[in-house]
1. Any idea which residue in the stretch 47-76 is nearest to ARG286 (Cα to Cα), counting only those that are open to solvent by 60 Å² or more (accessible area, probe 1.4 Å) and among the aromatic types (Phe, Trp, Tyr)?
2. Residues that are at pLDDT below 90 and either crowded, with 16+ Cβ neighbours inside 10 Å or more than 24 Å from GLY130 (Cα to Cα) (or both): does the stretch 191-212 have at least one?
3. Scan the stretch 61-104 residue by residue and report those that are part of a loop (DSSP other than H, G, I, E, B) and among the hydroxyl-bearing types (Ser, Thr, Tyr).
4. Here is a list of conditions, (1) out of contact with any strand residue (DSSP E or B) (no Cβ under 7 Å at 6 or more places or on another chain); (2) among the aromatic types (Phe, Trp, Tyr); (3) modelled with pLDDT of 90 or more, and TYR37 meets all of them except one; can you say which number that is?
5. Give me a count of the residues in the stretch 152-182 that are assigned to a helix (DSSP H, G or I) and surrounded by 16 or more Cβ atoms within 10 Å (Cβ to Cβ).
6. Could you list, in sequence order, all residues of the stretch 93-148 that are among the polar types (S, T, N, Q) and open to solvent by 60 Å² or more (accessible area, probe 1.4 Å)?
7. Given the criterion part of a helix (DSSP H, G or I) and at pLDDT 95 or above, identify the matching residue among LEU49, LEU110.
Amino acid sequence: MTVAAAPTAERPAIARRGPAAPRPGPGGRHRQNLPGYLFLSPWLVGFLLITAVPMLLSLYLSFTDYDVLTPLREVHWVGWDNYRRMVTADPSYWHAVRVTLTFALVAVPLKLAVALGVAVLLNRTFRGVGVFRGLFYLPSLLGGSVALAIVWVSMFNRDGAFNSLLALFGIQGAPWVNDPRWALETLMLLAIWQFGAPMVIFLAGLKQVPTELYEASSVDGAGAVRRFWHVTLPMLSPVIFFNLVLETIHGFQGFTSAFVLSNGTGGPVDSTLMYTLNLYINGFVRLDMGYASAMAWVFLVAVGLITVVLFRTGRFWVHYSDAEEH
């Protein structure tokens, strides 16, 4: 007859498990998720009423001749006419595309270059560095405000502060904001001047670059320029890519400064007719909201495609330090 051994220190007793707790049914799970839905409800309601429904409505209106004044139930379906008109019968549309592309292709790289250069200069420890960082970031806090655009226009008028500064050196200024040759460049300069936001992101990225890499490159005899090209830029490439995507989208959305400078007309001689300003003129000045809605959807698709291209090409030059080598 075999007797079971009593539990000892070498063989602890196995605790008995109680009955498993019953899993909540579908109704119980919904009750558990209810507080989460309640907390999310303000965002969900705002998303539906302010974003999703207007977007779907504008998609429908892009296939109609809606003119703002006509009730929605009386609009006429015109199919693809608005899109065909955009491509084949509206010269101002393609002019706005050229102006916007010129602005983005020039202002965005220069803005990022200035932001990176200032970030490298401020990535040091010296007395008052925090004050300088705050001062350089200050213009970005104002964003695309109307007040800032008005001040910028007054500075670059014929009798503005910029021409007064040039006069001190015997240089004859120009009516920069009223000259079609320089009006767009004035907007570019305003965009470049607001480099504070990407500068702060670059500063955060520079803080993450290992100092051992700089020390090793110095031992190998690399100077400051070579360290910048072969250490700083490769290690900073993910941050550069992040800023490039954000600033490219922001560059294509430029509106406030062009509107203020041209009094909402895109002048002088359509030199500042940005895409979004042209969309505003068609929708809210000419009351051709169906056509403006079509312009908006083409703009959305175009910016989305540009973003996809940036992501596709980024894998060839963006390097992540913890990525696996294949």
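The values are calculated or read from the model by the stated rules, or taken from the named source; none is laboratory data. All figures in this text were calculated on a predicted structure; none of them were measured in a lab. All Cβ positions, glycine included, derive from the backbone under ideal geometry; neighbour counts span all protein chains shown. Only protein heavy atoms, including side chains, enter the accessible area calculation; ligands, DNA and RNA are left aside. Shrake-Rupley method; radii C 1.70, N 1.55, O 1.52, S 1.80 Å.
1. Filtering first and then ranking leaves TYR60.
2. yes
3. Residues of the stretch 61-104 part of a loop (DSSP other than H, G, I, E, B): 62-63, 65-71, 75-76, 78-80, 89-90.
Matches in the stretch 61-104: SER62, TYR66, THR70.
4. Every condition holds for TYR37 apart from (3).
5. Qualifying residue count, the stretch 152-182: 8.
6. Of all residues in the stretch 93-148, those among the polar types (S, T, N, Q) come to 100, 102, 123, 125, 140, 145.
Result: THR102, THR125.
7. Answer to the check: LEU110.
Quick grid of which residues meet (1) closer than 30 Å to VAL68 by Cβ; (2) touching a Pro at 6+ places or on another chain (Cβ under 8 Å); (3) part of a loop (DSSP other than H, G, I, E, B):
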residue: SER218; (1), (2), (3): no, no, no
residue: HIS230; (1), (2), (3): no, no, no
residue: SER237; (1), (2), (3): no, no, no
residue: ILE249; (1), (2), (3): yes, no, no
residue: GLY264; (1), (2), (3): yes, no, yes
residue: GLY290; (1), (2), (3): yes, no, no
